[in-house]
Amino acid sequence: MTKNDEEYLIEYINLKRHEYINDLQVLLGYAQLGKMDKIFEYIQKVIDKCNDERTVFNSDMDSIMKYIKNKIEDK
């Protein structure tokens, strides 16, 4: 059975939610350990990842769906 675009979108949203929760847990762990340098480093990594995605999501729908499908199939 082949997934349609809506199913890919839902799966992508769930994947992103999972990634955001993981990012927050990592930051919380660094904060609890008092590792401020690691917090700043990790935040920059998250910002870079978001900027990469913004570039994709500012393009056409075909490119966006290709990106989403690749993310889902690579997980």
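Across segment 1-38, the number of residues qualifying as surrounded by 13 or more Cβ atoms within 10 Å (Cβ to Cβ) and touching a helix residue (DSSP H, G or I) at 6+ places or on another chain (Cβ under 7 Å) comes to 10. Residue count for segment 1-34 satisfying the condition of being outside any helix (DSSP H, G or I) and at pLDDT below 95: 4. The residue that is farthest from Lys16 (Cα to Cα), among those in segment 58-71 that are open to solvent by less than 80 Å² (accessible area, probe 1.4 Å) and part of a helix (DSSP H, G or I), is Ser63. Screening Glu11 on (1) free of Cβ contacts under 8 Å to residues at least 40 places away in the same chain; (2) closer than 21 Å to Ile68 by Cβ shows it passes everything except condition (1).
Across segment 39-53, what is the number of residues that are open to solvent by 100 Å² or more (accessible area, probe 1.4 Å) and either outside any helix (DSSP H, G or I) or modelled with pLDDT of 95 or more (or both)? Qualifying residue count, segment 39-53: 3.
The values are calculated or read from the model by the stated rules, or taken from the named source; none is laboratory data. Predicted model, so just to flag it, every value in this text is computed and none were measured. Don't worry about glycine lacking a Cβ; one is built from the backbone with ideal geometry, like all the others, and counts go over all protein chains shown. Calculation scope for accessible area: heavy atoms of the full protein, side chains included, ligands and nucleic acids excluded. Shrake-Rupley method; radii C 1.70, N 1.55, O 1.52, S 1.80 Å.
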